[in-house]
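Each remark here refers to the structure printed beneath this line.
The values are calculated or read from the model by the stated rules, or taken from the named source; none is laboratory data. Just so it is clear, the model here is predicted, and its values are computed rather than measured. No Cβ is skipped: glycine too gets one built from the backbone with ideal geometry, and neighbour counts run over all protein chains shown.
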Amino acid sequence: MDWTERYRPQRIADLVGNGTAVRQMVEWARNWRPGDRPLILYGKPGTGKTSAAYALAREMDWEVVELNASDSRTRAAIERVAGQSAVTGSLFGTGRRLVLIDEADNLHGTADRGGAKAIVDLIRTARQPVVLIANDLYEVAGEIRTRTEPVQFKALAARSIVPRLRLICREEGVACDDETLRVVAESANGDMRSAVTMLQAAAIGRTALDLDSVRTSQKDERATIFELVGAVLRDRPDEELMSLAWEVDDKPDAIVQWLEGSLGQLPPASRCEAYPALAAADRAIARTFRRQNYTLWRYATALAVLGTARAAHGSGVHSRLTPPPRWGRMAQARRRKAARTSLMRKLGAWMGVSRAELREYYLEAVRSLVADDPEPIARTLELDADELALLTGDRERSAEIAGRLAKERREAEKAEKPKRRSAQSKEPAAPPRPAGEARDQSTLF
């Protein structure tokens, strides 16, 4: 059995790290009433988001209805699976259901057509607690972000991971010293799932682990690409460089981008030497895709790695290696596109026109009308900072207005809570659960 599942935390007390996030979740759950905002848990993979949601549901005695990326997440699918669960109680009316929507930042493309809109509608009508999970908060649709309370899960410190690895070794009967466990924990880069997976891989067929055995099991993608780029800039032997290149999980086009992003470490003359090699590698990659001949990839990798190493002349690494700048620009472009799509949808629905008509005939007029005082339209349409900035062209002013309106909405919701609780206290109590019924009986049908 996979150790990550065998040793998944079952209770809140079993969770590792992110104490602030967990306390925020517990407080939300204990005080939850219909109409409260859902939570959106976000952070790197392996930081405990999904485990925390299930542990919380278990301690609150809530049933869980989960929708994740493995499901078809069209509007119809979301309404069929999660929609009814969000507005009705458990099968016997004695508890709540936690509607869990995993990978909420992957709602795009034709497979998820209408999914984001369906989730917004679900949030508006939910009479049960809802939790969304995402790796990147800003990849989540803006209309979802503005209706949820964000809870950040940060990368776990190695010192927090080691005790859990020690416990697993004890349970599995594997001898391992703390220094070896520390190496595994540090190699995981804050990812508990990765650390446990590496430990299990190293322990196959062994009753004791040492540094050599765990090092051969390490296969962390980001750690390896950093090692490769560092070796290239230090001009290590060709055999060592190519050996590292074959171990990297990244494809050649990603390796080229990492190397291009590292050229700022080199003197100007060395950069001039490196660019022809990267350009040649890029052409080989283009031919690979054009001809569907993937044997060319090995040449692209060799051109990029060895060519950049020759140009570097052993200059070395002088500052922290960071992901390729173009990745950040691409993320910003996706964020702007998502904001533009959301803005056009909100404006079109409000004005009763299609997006094409809005873009061709009305958009510039709307911009002129709201230029002096954009706050009313921001309040009416619940625009976030990115959406409002597209109308005003002033990002700083838009952020200030959107932040103030979001704060007003949160305060209004808090003021409504006592009224809702008072109304609910007057409702008749739910009938008791029939004796002998299984607690974990399916509640979907």
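Computed values, structure above
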{"read-out": "Matching residues, segment 17-29, being in contact (Cβ under 8 Å) with a residue 12 or more places away in the chain and either of a type in the set (S, T, N, Q) or surrounded by fewer than 18 Cβ atoms within 10 Å (Cβ to Cβ) (or both)", "value": "Asn18, Gln24, Val26"}
{"read-out": "Residue in segment 412-425 that is in a helix (DSSP H, G or I), at pLDDT 75 or above, exposed (fewer than 15 other Cβ atoms within 10 Å of the Cβ) and of a type in the set (S, T, N, Q) present", "value": "no"}
{"read-out": "Pair list, Cβ < 6 Å and 6+ apart or interchain, from segment 39-62 residues that are at positive phi to residues that are surrounded by 22 or more Cβ atoms within 10 Å (Cβ to Cβ) and part of a helix (DSSP H, G or I)", "value": "Gly46/Met192; Gly46/Ser194"}
{"read-out": "Residues of segment 243-255 that turn out to be in a helix (DSSP H, G or I) and either exposed (fewer than 15 other Cβ atoms within 10 Å of the Cβ) or basic (Lys, Arg) (or both), as a count", "value": "3"}
{"read-out": "Where a residue in segment 350-376 is outside any helix (DSSP H, G or I) and at pLDDT 90 or above and its partner, wherever it lies, is β-branched (Val, Ile, Thr) and surrounded by 11 or more Cβ atoms within 10 Å (Cβ to Cβ), with Cβ under 9 Å and at least six apart", "value": "Pro374/Thr392; Pro374/Ile401"}
{"read-out": "Residue ranges of helices (runs of 4 or more DSSP H) in segment 59-158 with at least 3 members modelled with pLDDT under 80, within 24 Å of Asp386 (Cα to Cα) and outside the structural domain of Val184 (by TED's automatic domain parsing)", "value": "115-125"}
{"read-out": "Selection status of Glu186, on the phi < 0 side of the Ramachandran plot and over 16 Å from the mean Cα position of the chain (by Cα)", "value": "yes"}
{"read-out": "Residue tally, condition over 16 Å from Ala245 (Cβ atoms) and assigned to a helix (DSSP H, G or I), over segment 256-273", "value": "10"}
{"read-out": "Odd one out for Glu387, checked against (1) part of a helix (DSSP H, G or I); (2) more than 33 Å from the chain's Cα centre (by Cα)", "value": "(2)"}
{"read-out": "Odd one out for Ser342, checked against (1) surrounded by 15 or more Cβ atoms within 10 Å (Cβ to Cβ); (2) over 29 Å from the mean Cα position of the chain (by Cα); (3) of a type in the set (Ser, Thr, Tyr)", "value": "(2)"}
{"read-out": "Residue among Arg145, Arg193 that is touching a Phe, Trp or Tyr at 6+ places or on another chain (Cβ under 9 Å) and touching a residue at least 40 places away in the same chain (Cβ under 8 Å)", "value": "Arg145"}
{"read-out": "Check on Ile401, out of contact with any Asp or Glu (no Cβ under 9 Å at 6 or more places or on another chain), modelled with pLDDT of 90 or more and assigned to a helix (DSSP H, G or I)", "value": "no"}
{"read-out": "Residue list for segment 390-400, restricted to those being touching a Leu at 6+ places or on another chain (Cβ under 6 Å) and either farther than 18 Å from Arg336 by Cα or of a type in the set (S, T, N, Q) (or both)", "value": "Ser398"}
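Rundown of residues vs (1) under 18 Å from Tyr7 (Cβ atoms); (2) surrounded by fewer than 18 Cβ atoms within 10 Å (Cβ to Cβ); (3) in contact with a strand residue (DSSP E or B) (Cβ under 6 Å, 6 or more places away or on another chain); (4) among the β-branched types (Val, Ile, Thr), yes/no style:
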{"position": "Cys169", "(1), (2), (3), (4)": "yes, no, yes, no"}
{"position": "Glu172", "(1), (2), (3), (4)": "yes, yes, no, no"}
{"position": "Gly190", "(1), (2), (3), (4)": "yes, no, no, no"}
{"position": "Arg193", "(1), (2), (3), (4)": "yes, no, no, no"}
{"position": "Thr197", "(1), (2), (3), (4)": "yes, no, no, yes"}
{"position": "Ala201", "(1), (2), (3), (4)": "yes, yes, no, no"}
{"position": "Ile204", "(1), (2), (3), (4)": "yes, yes, no, yes"}
{"position": "Thr207", "(1), (2), (3), (4)": "no, yes, no, yes"}
